[in-house]
Amino acid sequence: MTATVTPPSTTASPARTSAAGARRSGSKGRPSTIIVTAVLVVVALYFLIPVYWVVVAATKSTEDLFSTNGFWFAPTVALWDNLAQVLSYDNGIFIRWFLNSVLYAGIGALLATYFAAAGGYALAKYEFRGRNLVFGTILGGVLVPGTATALPLFLLFSQLGLANTYWSVLLPSLVSPFGLFLCRIYSQATVDTSLIEAARLDGAGELRIFHTIGLRVLTPALVTVFLFQLVGIWNNYFLPLVMLSDSGLYPITLGLNNWLSQVDRLPEFYELTTGGVLLSIIPLSIAMVVLQRFWRGGLTEGSVK
């Protein structure tokens, strides 16, 4: 009897093939993953280190601010004393500045977002003569820096009697060319024309369609525009500097700079300035944490049918 010897199979099993492919793809993707992670860590540190320094500096007295390590806490924590001085100095002028910033940034960002959504929706979904010309003209406003328009606005508002009033800072904040551009692009991509036509067949008016359908679909874009406007208006310094002369109308940026300009003759203003800066970043941090869930919802929209 002749024994038959079966040679070993040269065909790898699917499990081995997939494991080998995973090892090869993992070995190829690992360097790029490390590089991307390292870049993200550097970028995160670039943004977080100044915030950390503000938190540390706000816990120190003026003496400790210059005699201890800038990136570590002093033996004596004076955070609550500093914050109490910030809130009580000059009959609570900081609270007035804070509320002014809330007024400028809150109302300005909200109305600017609504106007940008209305304009972007109209330019995307309505056909009319000169639509592209209007959009191009508005888009040109993105290229014009705010500092270039501050002086002409001051001259205009002076003639209208609006200089050194709340309106002089609030009215320019209601315009967002970038927001209109973003809302138009987003409306073209996400607001289905057939949905609008179905609403019209049901008897809904154009304003009702915009408020019930358009605004809901545009939510991720609206959150983006709102946050951009909120941060931009909250941190705006040059426009209030040009428009306002009454310290009672100052936003928080102009008020803190006023305190900082006095540190040469009154060193205790260092404590007021660092404590005020710490309080000034809290609203923006809260807004980012609260509104980021709308971004996540927008990114997954349409992924599941």
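Of the residues Arg293, Arg265, only one is basic (Lys, Arg), at pLDDT below 95 and assigned to a helix (DSSP H, G or I); which?
On the way: Arg265 fails: assigned to a helix (DSSP H, G or I).
Of the residues listed, the single one that is basic (Lys, Arg), at pLDDT below 95 and assigned to a helix (DSSP H, G or I) is Arg293.
Using the structure shown, decide if Asp202 is within 24 Å of Arg131 (Cα to Cα), of a type in the set (D, E, K, R), at pLDDT below 90 and open to solvent by 70 Å² or more (accessible area, probe 1.4 Å). For Asp202, the condition - within 24 Å of Arg131 (Cα to Cα), of a type in the set (D, E, K, R), at pLDDT below 90 and open to solvent by 70 Å² or more (accessible area, probe 1.4 Å) - is not met.
Just to be sure before I move on: is Val134 assigned to a helix (DSSP H, G or I) and either touching a residue at least 24 places away in the same chain (Cβ under 8 Å) or at positive phi (or both) in the structure I sent?
no
All of (1) over 20 Å from the mean Cα position of the chain (by Cα); (2) modelled with pLDDT of 95 or more; (3) within 27 Å of Gly205 (Cβ to Cβ) hold for Thr113 with one exception: (1). Filtered by the rule that a residue be in contact (Cβ under 8 Å) with a residue 60 or more places away in the chain, open to solvent by 70 Å² or more (accessible area, probe 1.4 Å) and not in a helix (DSSP H, G or I), the stretch 142-175 gives a lone residue, Val175. Within the stretch 259-271, is even one residue open to solvent by less than 40 Å² (accessible area, probe 1.4 Å), charged (D, E, K, R) and out of contact with any Phe, Trp or Tyr (no Cβ under 6 Å at 6 or more places or on another chain)? Yes, that holds for at least one residue.
Taking Ser247, is it of a type in the set (S, T, N, Q), surrounded by 14 or more Cβ atoms within 10 Å (Cβ to Cβ) and either under 19 Å from Gly108 (Cβ atoms) or in contact (Cβ under 8 Å) with a residue 12 or more places away in the chain (or both)? So Ser247 does not fit the description; no. Per the conditions (1) farther than 27 Å from Thr253 by Cβ; (2) open to solvent by 30 Å² or more (accessible area, probe 1.4 Å); (3) touching a helix residue (DSSP H, G or I) at 6+ places or on another chain (Cβ under 6 Å); (4) modelled with pLDDT of 90 or more, the sole criterion not satisfied by Ser187 is (2).
Could you tell me whether Leu139 is more than 12 Å from Met243 (Cβ to Cβ), part of a helix (DSSP H, G or I) and open to solvent by less than 60 Å² (accessible area, probe 1.4 Å)? Step through it out loud before you land on a result.
On the way: more than 12 Å from Met243 (Cβ to Cβ): yes; part of a helix (DSSP H, G or I): yes; open to solvent by less than 60 Å² (accessible area, probe 1.4 Å): no.
No: the conditions fail for Leu139.
Just so you know, in the stretch 103-125 the residues that are of a type in the set (Ser, Thr, Tyr) and touching a residue at least 24 places away in the same chain (Cβ under 8 Å) include one that is farthest from Val169 (Cα to Cα), and it is Tyr121.
Does Pro75 satisfy the condition of being at pLDDT below 95, closer than 29 Å to Pro220 by Cα, of a type outside the set (A, V, I, L, M, F, W, C) and open to solvent by 50 Å² or more (accessible area, probe 1.4 Å)? Here the answer is no, as Pro75 does not meet what is asked.
Does Gly106 satisfy the criteria of being closer than 30 Å to Leu284 by Cβ, at pLDDT 90 or above, open to solvent by less than 70 Å² (accessible area, probe 1.4 Å) and not basic (Lys, Arg)? Answer is yes for this residue.
The values are calculated or read from the model by the stated rules, or taken from the named source; none is laboratory data. Everything numeric here is computed off the predicted structure, so don't read it as measured data. All Cβ positions, glycine included, derive from the backbone under ideal geometry; neighbour counts span all protein chains shown. With ligands, DNA and RNA removed, areas are computed over all heavy atoms of the protein, side chains included. Shrake-Rupley method; radii C 1.70, N 1.55, O 1.52, S 1.80 Å.
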